[in-house]
Amino acid sequence: MKTNAVRILDTLGIAYQLLAYEVDPNDLAAESIAEKVGLPPEQVFKTLVTRGDRTGVCLAVIPANLHLNLKALAKLTGNRKIEPVALKDVQPLTGYIRGGVTALACKRNYPVYIDETIGLFEQIAVSAGMRGLMIQLTPQDYLQAVNGTVGDIAQDKAD
């Protein structure tokens, strides 16, 4: 299956592997998806849509088993305050539904901030832009494809 995210990788000449999984609409948790694709949750990255008071919308990409550190993201992005966008705004802003959000081929070219733990792995998995499909690729290729900025933006527990 070719999603827009996959087409972007093809255009860039980036190697990847697709990982399909069965979708449970009642459990879209990234940790559950990691289990379904047979990867540890720290190697599966989820994409969260946020909005800063100065810079507007940006995407935060963090491991499935961690929470977003809003203060750290605000500091990294140059905002005083940053908040997750309301679920109802995710699809209009990105073109993707919950459980299928990816920084690849978003409606707009939003800034992408990725947790520094991405560098711990030879391969990571991110959403392919739809529920039921993940893309596995190298962290370097992902960073190149999304023009990502790496920082310490994830934590064990939410503030």
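Okay, here's what the table says:
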quantity	calculated
Enumeration of residues in region 114-137 that are surrounded by fewer than 16 Cβ atoms within 10 Å (Cβ to Cβ) and assigned to a loop (DSSP other than H, G, I, E, B)	Glu122, Gln123
Total residues in region 5-20, condition surrounded by 16 or more Cβ atoms within 10 Å (Cβ to Cβ) and either in contact with an Asp or Glu (Cβ under 9 Å, 6 or more places away or on another chain) or farther than 20 Å from Gln123 by Cα (or both)	3
Qualifying residue in region 58-67 (condition: hydrophobic (A, V, I, L, M, F, W, C), at pLDDT 95 or above and over 21 Å from Gly119 (Cβ atoms))	no
Enumerated strands (runs of 3 or more DSSP E) restricted to region 1-88, each holding at least 1 residues that are of a type in the set (Val, Ile, Thr) and within 14 Å of the chain's Cα centre (by Cα)	45-52, 56-63
Failed item in (1) over 22 Å from Val23 (Cα atoms); (2) of a type in the set (Phe, Trp, Tyr); (3) part of a loop (DSSP other than H, G, I, E, B), with Tyr96 passing the rest	(1)
Filter result (under 30 Å from Leu18 (Cα atoms) and either in contact with a strand residue (DSSP E or B) (Cβ under 8 Å, 6 or more places away or on another chain) or β-branched (Val, Ile, Thr) (or both)) within region 70-93	Leu73, Pro84, Val85, Asp89, Val90, Leu93
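The values are calculated or read from the model by the stated rules, or taken from the named source; none is laboratory data. Note that the coordinates shown come from a computational prediction; the quantities given were computed from them, not determined experimentally. Cβ: placed from backbone, ideal geometry, glycine included. Neighbour counts: every protein chain shown.
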